[in-house]
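Inspection log for the structure reproduced underneath, given as structure tokens.
A short reminder: the numbers here are calculations on the coordinates, not readings from a lab. Note that this is a predicted model, so its numbers are computed, not measured. Backbone-built Cβ (ideal geometry, glycine too); neighbour counts: all protein chains shown.
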């Protein structure tokens, strides 16, 4: 039996949640899988678990974090005493911190995933905790070479570190939800949590200049977050209300509709590692790529591995260059189409969940 320890699992939505659930369901086609997951929403969790009960077993743990973690590990200890476990897979180091020593004592292999943000800390004691836990994993699978570098700094070796890029949802076969009113030409899009490090403010500054040459330009901001109030204030200050649309969070059908109208994905992330925030890879760029949409990103974290410069998009090394890069790209329809075609081919060839999960399974 394979056991997956995770804090990040549907019904909660997110990149790690997609990865862990796809991995669990794929292994579940051939092997017995038990997912020991945090509880997020009782009703929605139950719906998800019931839908997939023929492939995987899911055990949920709720309550205060301190007690939830310990309850999960206590139950895990009972299971490993009574059943043969082929492998433990953890979504992050946090999920195995309390049990790694016990698992090693019983010679149970541990595979730990690493994504980026969870590895960054200014606290010396926390760094020691992260390092100590990762050193007890049999293998650490990272989402980019950038993240692999963060792990190497923590454990001082690289032979147990493997890189497997995450997959992205191919929404082309979804029925679009046409409830969103999308008008504009060209349409630029950012899909992310509304956080400072996503670089929305630099895009708004560029839109302020671009609207002169592109009077019908529309910038669509998808997501929610603590930066929304500041962004709304900037939109009002820059007189951009006719050129910017905030959609809030969207479902997959709405996302498809957005992609079908989008010319360019733009997310020039910032280096906020001093605030324990970094882009380990960038799945949103790949979701757009399935629709032949190129991306403009910044050379921060692992984004230059998700977007290939002058191949599937443009990587900028200075946010002051964003306006000029956007202007040149939007004026060059031939290049825009060429980059989009390359992005789509790369997404289809390398980033469907079937292909990515096979890469993970080869590690097992």
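Helix 15-28 and the long axis of the chain differ in direction by around 50°, with both axes built from C-alpha atoms. Restricting attention to segment 187-350, close to 5% of DSSP beta bridges with both partner residues there are antiparallel. As a rough footprinting exposure proxy, the listed residues 2, 238 were ranked by other beta carbons within 10 Å of their own, and the order from fewest upward is 238, 2. Pull out a ≥ b ≥ c, the square roots of the eigenvalues of the alpha-carbon gyration tensor of segment 187-350, then state rounded if a/c is under 1.5, prolate if not and a/b is larger than b/c, and oblate in the remaining case. Verdict is rounded for segment 187-350. Pairs of Cα atoms nearer than 8 Å and 6+ residues apart set the relative contact order; for segment 187-350 it is 23 percent. Summary of the geometry: segment 82-105 and segment 167-203, compared by the centres of their Cα atoms, lie 37 Å apart. The overall shape of segment 1-87, judged from the alpha-carbon gyration tensor, is oblate: a/c is not under 1.5, and a/b is no greater than b/c. Please report the spacing between the Cα centers of segment 107-166 and segment 290-364 in Å, no decimals. Between the Cα centres of segment 107-166 and segment 290-364 lies a distance of 26 Å. Above 22 Å, the calculated P(r) of segment 2-163 contains 41 percent of its Cα-Cα pairs.
Beta bridges from DSSP with both residues in segment 2-163: antiparallel share about 0 percent, rounded to the nearest 5. When the helices of the chain are scored as -39500 (n - 2.57) per DSSP H run of n ≥ 4 and the total is divided over every residue, the value at 222 nm lands at -13000 deg cm²/dmol.
The Rg/Rh ratio for the chain, using Cα coordinates for both the radius of gyration and the Kirkwood hydrodynamic radius, is 0.99.
Overall form of segment 118-183: prolate. Here a/c, set by the Cα gyration tensor axes a ≥ b ≥ c, is 1.5 or more, and a/b is the larger of a/b and b/c. With contacts taken as Cα pairs under 8 Å and at least 6 residues apart, segment 2-163 reaches a relative contact order of 19 percent. When each of the peptides 227-233, 101-107, 292-298 is scored by the mean number of other C-beta atoms lying within 10 Å of its residues, the order from highest to lowest reads 292-298, 227-233, 101-107.
Computed over the alpha-carbon atoms, segment 234-311 gives an Rg to Rh ratio of 1.00, Rh here being the Kirkwood radius from the mean inverse distance.
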